[in-house]
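The block underneath contains the structure these notes are about, expressed in structure tokens.
The values are calculated or read from the model by the stated rules, or taken from the named source; none is laboratory data. None of these values were measured; they are calculated from a predicted model. No Cβ is skipped: glycine too gets one built from the backbone with ideal geometry, and neighbour counts run over all protein chains shown.
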Amino acid sequence: MANRHKENLPITAQGFMDEFMRLKRGSVTRRHFLTATGLGLATAVMSRVPGAISTPAYAEDLGSQMSIATWPNYHDPATFENFKAATGVAVEVNVFGSNEEMLAKLQAGATGWSLFVPTNYTIATYHKLGLIDELDLAKLPNFSAASENPRFTKEGQIDGKTYALPKNWGTTGFAVNTSKIKAPLTSWKDFFEIAQGEADGRAMVHDYQLTTIGSALVSLGLDFNSIKPEDLAKAEELLIKVKPHLFAINSDYQPAMRATDAWMTMCWTNDGAQLNRDIPEIHYILGKDGGEIWTDYYAIPKDAPNKAAGYALLNYLMDPKVAVKEHTANGAPTTDSRVLELLPKEIVSNKIVYPDEAALTPLEFGAAVTLTDPGRAELMARFKSA
Amino acid sequence: MVTAMLLGPAAAWLVVFLVLPFIAIIVFSFGERAPEGGYQPAFTLAQFANLGARAAAFANTLTLAPIGALACLLVAYPVAYYLAVKADPRHRMLLVSLVVVPFWTSMLVRTYAWMYLLGGRGIPHLLDLVGFSDVRLLNTPGAVLLGIVYGYLPLMILPIYVSLEKLDRRLLEASADLGAHPFSTFFGITVPLSLPGVMTGIALVTILLLGEYLIPQLLGGGKVFFIGNALVDLFLQSRNWPFGSAIAVTLVAVVVMVLLIAMRIAWRVAGTRQVDLM
């Protein structure tokens, strides 16, 4: 009775080893071995699962569960379903509002994440704090360094070692509902002016110091990444003057824009593309006076409980056939020319997702020091409590 | 021995989940922010000296918490009075349980529901249909106050209900027999005797409001900044754990003071020390 549950297995452990030794001795064919052990059936099933064929055979035990920390509306949900079908590993998705929040959780420890999605300017900090592992590229055969755009991959590398692989890049501009706001907007200067005029009580800024303070600095002709006290004082003056006219300080702006409670918001590429796709009168604009360009990466935490599955999922996501679905779903531009070739024409020609090079020129990458600067954190607190 | 065994689990729970974390918070509050955020050991009073940097958040909280509690009281008292005095005793238990039913749904979900009710497609849309155009409700201090009254109402109703239910009806009859107007009976007898419940409710709601952060975030659009919001930002955004800890310790001190003051008032008005606030 005790062994009854084993009766359903195709073969016992002892039987498997016997067959395996016979195969090694050459006394049976490989076909006999695969049939006798049930592995042949498993392989046949696996090969029917989309995406499973291009992934290498999993030498290690992947377990049955892993978790990933990422951003809202950032993946094709089918990706994780397909990964589960291919590997048996269920992926738990944790959604975050800011890089700081991710960093705080990793600093506190025991997050349980085996993969996460940090933005370019945080990787140096994660490395410095010893929170991420160098990636073993041998376990990531689907990644192709040659087809990546170096502009968007360089911050994943520190001292010649690869710590993170790019997921997608993007920009921080603003979305405007043109059926409500008639004035043409082309710059952050316009954004903060219209917020106090035509869009009074209808504009949103991020609950995020990097972009909110950075864009305010840009509108004043100052550097996006500035941490100079005199620059920050000017940005603070502007933000506190604008605050009574704002609808909200919140990074979750899609619901308010869709309900037309808000008419204008600071906005990331992918949200801009999603809003414009569903509501064409919402336009996405890059400030001609500047703003942010960014890359989101995949990295594996040092204390990841299931590194094998983390690597397997990362390799799966680096498969261009999988990545193309991800980009179609989340609307952010790809860093990988192999994916670019596979993407439908209407996505590649979408100027929100792939702006002209000239529109990108004034944009800056956020800097690591901007993220951790206490002066900026205090400014944000004063802005919010004013 | 039996006492120790009975108290053991509760004591262990309190030590692990209340006393130890609180000690950690006190230790953190004397430390420094590490350059990349978090905590590094030190012995400094700098965090407490810097409390002024969140003065606006303390001021917002210390004004909105009592206002919220009073608004709750104004709505809760008539409800509690009806339940305890006027309602048909056969239906009383059903009505009281109806007060508690909303607690079965997560506060977050109920607050999100208000976001939609107050947003442009909700009540303002209906008002627009009857001629009041461009009414803005969401992301205003009024919306925050509404959220507070809605969320904390049961915590105010129940203690007042309990104290009104214990009210000796013969006192009301005596008052009427002696020719008192119903108004004087209500303000001379019912209200004073229900004050312990009122004070309990105010203390409960005020204390919980001092730590509130969800309602200002969701219904205030992030523009109304409570001390709870300051704490969330310090721990999760700027990762200044020592300063966050100093604010948390100060907040605990404020809560204890509020509780002591409320207890004193309750003792005085009730004329006895037999008043339990918790």
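Condition check for A:VAL324 on (1) over 22 Å from A:ASP223 (Cα atoms); (2) under 19 Å from the mean Cα position of the chain (by Cα); (3) within 14 Å of chain B (Cβ to nearest Cβ): one failure, at (3). Can you tell me how many residues within segment B:159-192 are among the basic types (Lys, Arg) and in a helix (DSSP H, G or I)? The number of residues fulfilling the criteria is 2.
Could you say whether any residue in segment B:7-16 is part of a helix (DSSP H, G or I), within 27 Å of B:ALA262 (Cα to Cα) and within 14 Å of chain A (Cβ to nearest Cβ)? The answer is no, given that none of the residues of segment B:7-16 is part of a helix (DSSP H, G or I), within 27 Å of B:ALA262 (Cα to Cα) and within 14 Å of chain A (Cβ to nearest Cβ).
Of all the residues in segment A:257-295, those that are surrounded by fewer than 23 Cβ atoms within 10 Å (Cβ to Cβ) and among the acidic types (Asp, Glu) number 3.
Among the residues of segment A:120-149, those identified as within 14 Å of chain B (Cβ to nearest Cβ), in contact (Cβ under 8 Å) with a residue 24 or more places away in the chain, not small (Gly, Ala, Ser) and not in a loop (DSSP other than H, G, I, E, B) are A:TYR121, A:THR122, A:ILE123, A:THR125, A:TYR126, A:HIS127, A:ILE132. Filtered by the rule that a residue be over 30 Å from A:LYS128 (Cβ atoms) and either outside the structural domain of A:ALA233 (by TED's automatic domain parsing) or touching a strand residue (DSSP E or B) at 6+ places or on another chain (Cβ under 8 Å) (or both), segment A:354-384 gives a lone residue, A:PRO355. Just to be sure I understand, how many residues within segment A:150-191 are of a type in the set (S, T, N, Q) and in a loop (DSSP other than H, G, I, E, B)? The number of residues fulfilling the criteria is 5. Of all the listed residues (A:ALA199, A:ALA175), the sole one being within 14 Å of chain B (Cβ to nearest Cβ) and either within 26 Å of A:PRO255 (Cβ to Cβ) or at pLDDT 95 or above (or both) is A:ALA199. Kindly indicate whether B:ALA230 is loosely packed, with under 15 Cβ neighbours inside 10 Å and either closer than 21 Å to B:GLY68 by Cβ or away from every other protein chain (no Cβ under 14 Å) (or both). No. Quick check on segment B:206-218. Is at least one of its residues within 14 Å of chain A (Cβ to nearest Cβ), assigned to a loop (DSSP other than H, G, I, E, B), buried (at least 18 other Cβ atoms within 10 Å of the Cβ) and modelled with pLDDT of 90 or more? No: segment B:206-218 contains no residue that is within 14 Å of chain A (Cβ to nearest Cβ), assigned to a loop (DSSP other than H, G, I, E, B), buried (at least 18 other Cβ atoms within 10 Å of the Cβ) and modelled with pLDDT of 90 or more. Among helices (runs of 4 or more DSSP H) entirely within segment A:192-288, having at least 2 residues that are within 21 Å of the chain's Cα centre (by Cα) singles out A:209-219, A:254-258, A:269-278. Taking each residue of segment A:207-221 that is more than 14 Å from every other protein chain (Cβ to nearest Cβ) and touching a residue at least 24 places away in the same chain (Cβ under 8 Å) and looking for partners that are among the aromatic types (Phe, Trp, Tyr) and part of a helix (DSSP H, G or I) with beta-carbon atoms closer than 7 Å, six or more apart or interchain, yields A:SER215/A:TRP188; A:ALA216/A:PHE192; A:VAL218/A:TRP188; A:SER219/A:TRP188; A:SER219/A:PHE191; A:SER219/A:PHE192. At least 2 residues being closer than 24 Å to B:LEU155 by Cα and either aliphatic (A, V, I, L, M) or more than 13 Å from chain A (Cβ to nearest Cβ) (or both) is the threshold, and among the helices (runs of 4 or more DSSP H) wholly inside segment B:22-118 those reaching it are B:55-81, B:89-100, B:107-118.
Taking segment B:127-158 as the search range and keeping residues that are within 14 Å of chain A (Cβ to nearest Cβ) and assigned to a loop (DSSP other than H, G, I, E, B), which one is farthest from the chain's Cα centre (by Cα)? Ranking the candidates gives B:SER133 first.
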